[in-house]
Amino acid sequence: MKIQQVDIKLYHVPLKQPLQDAIHGVQRDFSLIVVSLTTDDGATGMGYTYTVGQTGGSSVAALLEDNLAPLVIGEDPRRTEHLWNKMWWATHYIGRGGIASFAISAIDIALWDLRARLAREPLWRYLGGYDSKAEAYGGGIDFHLSIDELLRQTEGFLDEGLRAVKIKVGRESIAEECQRVAAVRSLIGDDKKLMVDVNMKWSVEQALRASRAFADYNVYWIEEPTTPDDIEGNRRIETEGPTPVASGENLHTIYEFKSLIADGAVSFPDVDISNVGGITAMVKVAHIAEAFNRPVTTHGIQDLHVSCLAAIPNASLLEIHAFRIDDFLVYPLQIVDGYAYASDRIGHGVVIDWEKIESHLVSRRSVSNGIRYEQTPFADSLA
Ligand SMILES: [Mg+2]
């Protein structure tokens with residue numbers, strides 16, 4: 001069995017309303033890069049990655065077309081470790097993370113989808129099958145909302161069946177943030193989990209002051225309290241403050257996770273298969289975390305991550321991120337009584353309704369046995 005064709009589609013998906021956190025400013029859309037693999041005997045697999053806004057999406061698509069697709073064509077898709085290493089070392093000099101990890105992720109996810117489909121197994125069971133569900137939370141990108149709007153958003157999460165919520169923080173005034181945290185805690189009651197996300201905005205000293213203040217509201221974790229590159233700073237926030245640290249969405253290699261976890265700088269490693277190097281890398285991060293007795297949470301693309309968290313024994317919460325593609329899915333994620341349920345269809349079970357998402361298509365490229373076809377909605381041409 002050999003991979004015969006790689007199709008790469010880039011979309012700019014608009015958000016239903018502008019969103020804001022402490023560091024990225026106003027977000028109006030995201031780039032979605034979808035990779036489809038087809039083998040010589042007709043087997044298929046699909047994977048995707050995404051970037052914030054329109055930055056980086058076209059670069060990921062170009063790297064996939066120019067460098068990674070030619071590497072995997074002609075290869076056996078079942079050899080995920082071989083292909084992951086081939087892609088990793090081919091991009092190592094310009095990568096070791098960053099855009100290269102996003103591109104590797106999209107292909108690796110497609111390979112695991114294809115493998116599970118060949119085995120006629122749902123991905124969550126194919127990967128280990130620990131449970132069929134994952135506890136989920138509503139992750140608001142809500143820095144700009146008034147307290148009233150924040151509470152309406154929280155009620156919306158509860159109406160969806162979610163039983164845990166996260167809000168954005170990161171202002172200069174810790175007192176102001178405490179008012180917001182207190183309002184949400186008061187609405188949801190004492191029993192539900194409440195998290196906060198700083199998006200790296202604070203210094204170590206600010207984060208430590210906030211960690212102590214948030215303890216009055218039983219905050220389950222403080223996410224990305226400062227830059228993840230400051231491992232010693234994160235270790236201080238984790239060990240000197242009462243609120244556990246979650247971090248990882250800006251780490252794009254298993255080695256970065258190893259450093260953060262092994263140095264005691266994080267309670268909840270927060271992994272994202274769309275930027276860490278796919279499912280191959282995520283499983284390794286989960287195993288490192290397991291050996292350090294740490295539960296793993298996930299960032300974004302909940303429709304895929306539900307199957308990954310359901311597979312492993314040390315799963316923490318699944319983020320239901322505000323960059324949603326529910327409107328373009330044939331089978332949107334099911335959430336009941338606080339839990340998201342992994343698909344029982346073969347593969348990862350995420351099926352895109354190509355017609356519904358077609359209007360957001362920016363470019364479409366196919367690489368097949370060395371021949372490249374580039375098509376856009378505006379001009380179909382053989383490149
Ligand atoms: Mg976050």
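Identify, please: which residue in region 240-259 is part of a helix (DSSP H, G or I) and in contact with a helix residue (DSSP H, G or I) (Cβ under 8 Å, 6 or more places away or on another chain) and is, among those, nearest to I288 (Cα to Cα)?
My answer is K258.
State all residues of region 252-270 that are within 16 Å of the ligand (Cβ to nearest atom) and in contact (Cβ under 8 Å) with a residue 60 or more places away in the chain; if no residue qualifies, say none.
If the condition is that a residue be within 16 Å of the ligand (Cβ to nearest atom) and in contact (Cβ under 8 Å) with a residue 60 or more places away in the chain, then H252, E256 are the ones that fit.
From the list E177, E223, E172, which residue is among the charged types (D, E, K, R) and away from the ligand (no atom under 16 Å from the Cβ)? Lay out the reasoning, then the answer.
Numbers: E177 fails: away from the ligand (no atom under 16 Å from the Cβ); E223 fails: away from the ligand (no atom under 16 Å from the Cβ).
One residue alone meets the criteria, E172.
For region 232-268, enumerate the residues that are among the polar types (S, T, N, Q) and farther than 25 Å from T51 by Cβ.
T239, T243, S267
Away from the ligand (no atom under 16 Å from the Cβ) and in the same structural domain as N275 (by the TED database): which single residue out of G248, G189 fits that description?
G189
Where residues in region 39-66 are of a type in the set (V, I, T) and within 28 Å of V26 (Cβ to Cβ), which of them is surrounded by the fewest Cβ atoms within 10 Å (Cβ to Cβ)?
Within region 39-66, the match that is surrounded by the fewest Cβ atoms within 10 Å (Cβ to Cβ) is T55.
For the condition more than 16 Å from the ligand (Cβ to nearest atom), touching a residue at least 12 places away in the same chain (Cβ under 8 Å) and of a type outside the set (G, A, S), what is the one hit in I273, I279?
Numbers: I273 fails: more than 16 Å from the ligand (Cβ to nearest atom).
None of the other options fit; the residue is I279.
Quickly run through region 123-142 and pick out the residues that are within 16 Å of the ligand (Cβ to nearest atom) and under 17 Å from the mean Cα position of the chain (by Cα). Explain how you work it out, then say what you get.
Residues of region 123-142 within 16 Å of the ligand (Cβ to nearest atom): 136-142.
A136, Y137, G138, G139, G140, I141 - these are the residues of region 123-142 that are within 16 Å of the ligand (Cβ to nearest atom) and under 17 Å from the mean Cα position of the chain (by Cα).
Yes or no: region 199-207 includes at least one residue that is of a type in the set (S, T, N, Q), surrounded by 19 or more Cβ atoms within 10 Å (Cβ to Cβ) and within 14 Å of the ligand (Cβ to nearest atom).
If we filter region 199-207 for residues that are of a type in the set (S, T, N, Q), which is where we start, we get 199, 203, 206.
If we keep only those that are surrounded by 19 or more Cβ atoms within 10 Å (Cβ to Cβ) too, we end up with 199.
Going one step further and asking which of them are within 14 Å of the ligand (Cβ to nearest atom), we end up with 199.
Taking every residue of region 199-207 in turn, at least one turns out to be of a type in the set (S, T, N, Q), surrounded by 19 or more Cβ atoms within 10 Å (Cβ to Cβ) and within 14 Å of the ligand (Cβ to nearest atom).
Among the candidates P295, P242, single out the residue that is surrounded by fewer than 24 Cβ atoms within 10 Å (Cβ to Cβ), touching a strand residue (DSSP E or B) at 6+ places or on another chain (Cβ under 6 Å) and in the same structural domain as V196 (by the TED database).
Going through P295, P242 in turn, the sole match is P295.
Considering region 133-143 alone, what residues qualify as being part of a loop (DSSP other than H, G, I, E, B) and either in the same structural domain as Q27 (by the TED database) or among the aliphatic types (A, V, I, L, M) (or both)?
I141
State which residue is surrounded by the fewest Cβ atoms within 10 Å (Cβ to Cβ) when the search covers only region 119-138 and only residues that are within 25 Å of K193 (Cβ to Cβ) and among the hydroxyl-bearing types (S, T, Y).
That would be Y130.
The values are calculated or read from the model by the stated rules, or taken from the named source; none is laboratory data. Just so we're clear, the structure is a prediction, and the values are computed from it rather than from any experiment. So basically every Cβ, Gly included, is an ideal-geometry build from the backbone, and we count neighbours across all protein chains shown.
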